[in-house]
């Protein structure tokens, strides 16, 4: 189904009311896992609760999957997938490259969604037909750029340190084939790809809620996003996005040797 | 000498008028070096010219050193050091973690300066006495946080790929001793350190114009910044900044084995 941009804006605004006052506020940081470092702030929980409440009110028959509060009615035809703060490490470090993600999966396929960065005032969304940017500097339809060769491509990834064992070799091979690499971007990377400022985004070990909202934004801007084996990325895993189908094919071949 | 915050704001505004309209505008990118990738945009040149013009008009006896247009009167008692766009790779990738830097060196020592990020509306500055933040969310004096142990520290660096040979081992040793590492931040990292959101910033091969503006912002916020051998950082090189003297000493020891 197509989704009204106003509904997406409403979700983003409700989340921003929870996240923005706590960004750079030295708020509580809990450790979600018993080992390792996976901070969850009050902002994370508050934003997901706010988004869930609006979806329940507006579309009571829809399912909801979220990072913080699990699964409701997952077998519904329409399921919303939420990451209230993608990039919690950026968030706690004061860096404005985190985002709030919510996407709609219809019949197993991501069809619409948004990425909101409330500190910079950026809002990237797909309404089911096309992809758009809204910010303090205006609003526009967005498109990927027409890069066809890895040698001309800018690649983004959160950090090479996330790729374990052979996957690190696969990623490094892809990075070496590209012109320029930048790290540290989380969901922001996919927004830059969709709006024509980067060409390849590679990530490993994503969850469904890390990518569902971004798939339609990329696809409806002219780009491709799949798993490393070329399948649909709605369930997360190792994910590769590219600005054009030709570039995507070359990147997949490079990853897979 | 102390510097009026209004003068720093004037420099930042003049630079922003050149950079901001060209950010994400798919502008011209030249290759400054014959090999490698070192983009310079019209924004870079325009911003430095604008800053130089104001300094010449206001302080005709001061020297100026800038990334784009070289050296004027470098033996003056007061010398301004300018990087019109620190983080040109972030700039061309659409990422709002670049900044405009200008700092004042008096008698060989960096005493005041600013980092401006006009897309996010952030302005970090030192007036010669204290360090401050101004943004869309308000204004405040800034301080580093009181982290004393590497095991509690967030470390930032632009990318580990910049450290060559033994320096990569030195950096990796430091990163492993820290709790959390984030990449991709350029000058933005030092602003996060000065305002209490990160604890250690490590960089290699900096130029004078990459660091001069940031030294007083860090020092007057309670932090330390030196070269890897513990000397003053005004001339750039391999640079280490930390939130407290105790943390700085531990980080230096870890780097130097």
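The values are calculated or read from the model by the stated rules, or taken from the named source; none is laboratory data. Bear in mind the structure is a predicted one, so any value in this text is a computation, not a measurement. Heads up, the Cβs are rebuilt from the backbone with ideal geometry, glycines too, and the neighbour counts pull from every protein chain shown.
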Over segment B:105-118, the set of residues part of a strand (DSSP E or B) and in contact with a helix residue (DSSP H, G or I) (Cβ under 8 Å, 6 or more places away or on another chain) is B:110, B:111, B:112, B:113, B:114, B:115, B:116, B:117
Residues in segment A:174-182: is at least one in a loop (DSSP other than H, G, I, E, B) and crowded, with 19+ Cβ neighbours inside 10 Å? yes
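One line per residue, one yes/no per condition, for (1) touching a helix residue (DSSP H, G or I) at 6+ places or on another chain (Cβ under 8 Å); (2) assigned to a strand (DSSP E or B):
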site: A:52; (1), (2): no, no
site: A:61; (1), (2): no, no
site: A:84; (1), (2): yes, yes
site: A:97; (1), (2): yes, no
site: A:100; (1), (2): yes, yes
site: A:103; (1), (2): yes, yes
Mind telling me which of the residues B:131, B:116 ends up being under 17 Å from the mean Cα position of the chain (by Cα), modelled with pLDDT of 95 or more and closer than 29 Å to residue B:254 by Cα? B:131
State the number of residues belonging to segment A:119-153 that are closer than 13 Å to residue A:188 by Cβ, in a loop (DSSP other than H, G, I, E, B) and touching a helix residue (DSSP H, G or I) at 6+ places or on another chain (Cβ under 6 Å). 0
Residue B:192: passes all of (1) in contact with a strand residue (DSSP E or B) (Cβ under 6 Å, 6 or more places away or on another chain); (2) assigned to a helix (DSSP H, G or I); (3) crowded, with 19+ Cβ neighbours inside 10 Å but (1)
Quick one: how many residues across segment B:95-126 are more than 14 Å from chain A (Cβ to nearest Cβ) and surrounded by fewer than 22 Cβ atoms within 10 Å (Cβ to Cβ)? 4
At pLDDT 95 or above, within 14 Å of chain B (Cβ to nearest Cβ) and closer than 30 Å to residue A:77 by Cα, is that true of residue A:187? yes
Counting just the residues of segment A:195-211 that are assigned to a helix (DSSP H, G or I) and within 20 Å of residue B:95 (Cβ to Cβ), which one comes out nearest to the other protein chains (Cβ to nearest Cβ)? A:210
Scan B:96, B:39 and give me the residue that is within 26 Å of residue A:137 (Cα to Cα) and at pLDDT below 90. B:39
I'm checking my understanding of the structure. Among residues of segment A:70-94 that are free of Cβ contacts under 8 Å to residues at least 40 places away in the same chain and crowded, with 23+ Cβ neighbours inside 10 Å, which one is nearest to the other protein chains (Cβ to nearest Cβ)? A:93
Only one of B:162, B:214 is at pLDDT 95 or above, more than 11 Å from every other protein chain (Cβ to nearest Cβ) and within 23 Å of residue A:90 (Cβ to Cβ), namely B:214
Residue count, segment B:109-143 (criterion: free of Cβ contacts under 8 Å to residues at least 40 places away in the same chain and closer than 15 Å to residue A:23 by Cβ): 7
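Residue-wise test of (1) at negative phi; (2) in contact with a strand residue (DSSP E or B) (Cβ under 7 Å, 6 or more places away or on another chain); (3) surrounded by 20 or more Cβ atoms within 10 Å (Cβ to Cβ).
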site: B:203; (1), (2), (3): yes, yes, yes
site: B:225; (1), (2), (3): yes, yes, yes
site: B:231; (1), (2), (3): yes, no, no
site: B:234; (1), (2), (3): yes, yes, no
